[in-house]
Amino acid sequence: MSNTALTEAVYYILLSLMQPMHGYGIMQNVEQLSNGRVKLAAGTLYGAINTLLEKGWIISLPGEKDSRKKEYQITDQGKQTLETEITRLRELIENGNRILEVK
């Protein structure tokens, strides 16, 4: 696992996949989680899914034979990646608040 910051899209995709979900469901969930601020295009989503599969952060679940819908789910490695990112984001917020003297 790298210490690279996650993109906002990848962060929300991983959060969405804490439960099994298909592509369209991920797109809807990301938009809901971000209060409509992040809207994933299909190309962006499936490009990210392929990368996440390659990294082992998510898996493709076996589906019904005749269904074109694939469901995905986060792996333990993906969960660890999310936890690392949340720690990084907390540090950013804490430092920003301290420097700006925000309470």
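The values are calculated or read from the model by the stated rules, or taken from the named source; none is laboratory data. Predicted model, so just to flag it, every value in this text is computed and none were measured. FYI the Cβ positions are ideal-geometry reconstructions off the backbone, even for glycines, and counts take in every protein chain you see. Side chains are part of the model used for accessible areas, which takes the heavy atoms of the whole protein and leaves out ligands, DNA and RNA. Shrake-Rupley method; radii C 1.70, N 1.55, O 1.52, S 1.80 Å.
Checking each residue in the range 6-32 for being in contact with a Ser or Thr (Cβ under 8 Å, 6 or more places away or on another chain) and over 17 Å from Gln73 (Cβ atoms) picks out Leu6, Glu8, Ala9. Step by step: first the residues of the range 7-25, then only those that are in contact with a strand residue (DSSP E or B) (Cβ under 9 Å, 6 or more places away or on another chain) and outside any helix (DSSP H, G or I), then the one that is least open to solvent (accessible area, probe 1.4 Å). Which residue is that? Looking at residues that are in contact with a strand residue (DSSP E or B) (Cβ under 9 Å, 6 or more places away or on another chain) and outside any helix (DSSP H, G or I), I get Leu17.
Taken as a whole, the range 85-92 holds at least one residue that is under 20 Å from the mean Cα position of the chain (by Cα), surrounded by 10 or more Cβ atoms within 10 Å (Cβ to Cβ) and touching a residue at least 60 places away in the same chain (Cβ under 8 Å).
Within the range 28-50, none of the residues are in contact (Cβ under 8 Å) with a residue 24 or more places away in the chain and in contact with a Leu (Cβ under 6 Å, 6 or more places away or on another chain).
Just for the range 66-95: of the residues that are touching a Phe, Trp or Tyr at 6+ places or on another chain (Cβ under 8 Å) and aliphatic (A, V, I, L, M), which one is nearest to Glu8 (Cα to Cα)? Looking at residues that are touching a Phe, Trp or Tyr at 6+ places or on another chain (Cβ under 8 Å) and aliphatic (A, V, I, L, M), I get Leu82.
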